[in-house]
Structure formats: C-alpha cells, structure tokens
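One structure is given here, and the rest of the page talks about it.
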C-alpha cells in the first residue's frame, strides 16, 4: 500500500471513532466523575450482583490488571464494595453501594445517548450493519443482540 489515504485506513478511523465516542461521553456525563470503562464496570456489576473480578474482566474485555485498577478507583469513590468469596476468600465479589446505584441511575441514561449521538448520521439499517460488522471484527457476536449493555 503506497501513500494510503488516512481517511480510508481502519486503524485511523477506529481511533477517530473512539475519540468521538469519548468526547460525546464526556459532554453528556460532565460533572459525574466517571469514565467509560468505569461505567461499563458499574453496569455489569448492577446486572450481575456479587460478580467476581475475573468474570467482570471477561464481560467488559479488560485485562485483570486494568480491571483491578478500575475497581480500586470505584471503591475509593465509594461506588463499589468488594467482599471476599464464601468458598474462596481470595476471590473478590463486587456489588454496587447505594452511591454506586444512585450514580448509575443518573449516568446510564445519558451514556445510552452517546451511541445515538455518535451514529446519528446512519439510518437504522446502517446502524445495525455497523454494529454487526464491529461484532464480527472484534469476535464479540453476542454484543449485537445485547446492545443495551454497551454503554461505554
């Protein structure tokens, strides 16, 4: 490939799309002190109370070290509680605190608007096709039928 047009290079376009997502997310959630990965963790913990850290890592596709840092920050903010497992005390179970539930109730509706804003120039068929293609590329086919959890 000689002198590629950056407007037609997948990596460049993916980076720009992610930057657009993060900009819109920051605008819509301003004042709530939460990042997209933190919100993704809060959503999954709300849907899977007492989820183990390793299972959460798999669900939101962050490596264990990164998810550990995310959870530590959420715990410091008083949004998540870690409790030892009943069978294996080394495993940590995660639950939302009342403050975490409250923040999620305020921020999740705003975050759900991020996708609408990002994809506003696509008609419904194009949106579905776009999401299907992303799922195929990432090897995450179940995401297409579970879009309400893709808030971040």
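If you go through the range 44-81, how many residues are in contact with a strand residue (DSSP E or B) (Cβ under 8 Å, 6 or more places away or on another chain) and free of Cβ contacts under 8 Å to residues at least 24 places away in the same chain? Outline the logic, then answer.
Narrowing the range 44-81 to residues in contact with a strand residue (DSSP E or B) (Cβ under 8 Å, 6 or more places away or on another chain): 44-46, 49-53, 56, 59, 71, 74-75, 79-81.
Then drop every residue that is not free of Cβ contacts under 8 Å to residues at least 24 places away in the same chain, which leaves 59, 75, 81.
Qualifying residue count, the range 44-81: 3.
Please find, among 17, 23, the residue that is in contact (Cβ under 8 Å) with a residue 60 or more places away in the chain, farther than 14 Å from residue 94 by Cα and out of contact with any strand residue (DSSP E or B) (no Cβ under 7 Å at 6 or more places or on another chain). Step through it out loud before you land on a result.
On the way: 23 fails: in contact (Cβ under 8 Å) with a residue 60 or more places away in the chain.
Among 17, 23, only 17 is in contact (Cβ under 8 Å) with a residue 60 or more places away in the chain, farther than 14 Å from residue 94 by Cα and out of contact with any strand residue (DSSP E or B) (no Cβ under 7 Å at 6 or more places or on another chain).
Please verify whether the range 111-121 includes one or more residues that are in contact with a strand residue (DSSP E or B) (Cβ under 6 Å, 6 or more places away or on another chain) and at pLDDT 95 or above. Quick ask: steps written out before the conclusion?
Let us first name the residues in the range 111-121 that are in contact with a strand residue (DSSP E or B) (Cβ under 6 Å, 6 or more places away or on another chain), namely none.
Within the range 111-121, not a single residue is in contact with a strand residue (DSSP E or B) (Cβ under 6 Å, 6 or more places away or on another chain) and at pLDDT 95 or above.
The values are calculated or read from the model by the stated rules, or taken from the named source; none is laboratory data. What you are looking at is a predicted structure, and each value in this text was computed from that prediction instead of being measured. Please note: Cβ atoms are built from the backbone with ideal geometry, for glycine as well, and neighbour counts cover all protein chains shown.
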